[in-house]
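Asks: Sharing a structure here in structure tokens format.
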Amino acid sequence: MNNLHIVLYKPQIPHNTGNIIRLCANSGAQLHIVEPMGFVLDNVHLKRASLDYTDLTSTTLHDSIHSYIEEFPERRVFAATSSTSNIYTNPTYSWEDSFLFGPEDTGLPTNVLNIFPEEHHVAIPMFPNNRSLNLSNSVAIVTYEAWRQLGFKKE
């Protein structure tokens, strides 16, 4: 089965992760979470945001970004950051690509961004002087662009 892969690096807010679980269930994406998280998976807010979609989503925990890469070396990883001019619509995505998003309060740290080639750093355009978008909104924007490029297939 072909799937896109969402990788959350140390997420902090359970509501966002709950929304992303729903997104994954509705897009067929698989969710990967790099620990530590700022909450526990049975958090009431996460459950409320994810509704009953938790059982429809494959979620895998990883103890580091390196363990994710080692487990899935064949996957390209696109890292979301505001520090690039490469817009998220520029790359041509393929099934099994991964999309990495940083914690809500800081985004991806430089040492994590530097693991990946600069052409795999992607940004969502925003008005100048704005800091960031909500994490779950950012994940949805990038995931649906990749899925759109792949023809919205439901395999």
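The values are calculated or read from the model by the stated rules, or taken from the named source; none is laboratory data. Everything numeric in this text was worked out from a predicted model, so none of it was measured. A quick note on method: Cβ atoms are made from the backbone with ideal geometry, for glycine too, and the neighbour counts reach across all protein chains shown.
Asks: Look at Phe116 and say whether it is at positive phi and of a type in the set (Phe, Trp, Tyr).
Replies: Values: at positive phi: no; of a type in the set (Phe, Trp, Tyr): yes.
The answer is no for Phe116.
Asks: Something else now. Of all residues being within 20 Å of Asn16 (Cα to Cα) and aromatic (Phe, Trp, Tyr) in region 89-121, which is surrounded by the fewest Cβ atoms within 10 Å (Cβ to Cβ)? Just the residue, please.
Replies: Residues of region 89-121 that are within 20 Å of Asn16 (Cα to Cα), as a first pass: 98-109.
Next, only the ones that are aromatic (Phe, Trp, Tyr) stay: 99, 101.
Details: Phe99: 26, Phe101: 23.
So, considering only residues that are within 20 Å of Asn16 (Cα to Cα) and aromatic (Phe, Trp, Tyr), the one surrounded by the fewest Cβ atoms within 10 Å (Cβ to Cβ) is Phe101.
Asks: Give, as residue ranges, the helices (runs of 4 or more DSSP H) completely inside region 42-155 that count at least 3 residues that are at pLDDT 95 or above.
Replies: Values: elements: 44-50, 65-71, 110-113, 135-149.
Counting at least 3 such residues, we get 65-71, 110-113, 135-149.
Asks: Leu23 - would you say it is modelled with pLDDT of 90 or more, within 14 Å of Ser136 (Cα to Cα) and assigned to a helix (DSSP H, G or I)?
Replies: Numbers: modelled with pLDDT of 90 or more: yes; within 14 Å of Ser136 (Cα to Cα): yes; assigned to a helix (DSSP H, G or I): yes.
When the stated conditions are applied, Leu23 passes them.
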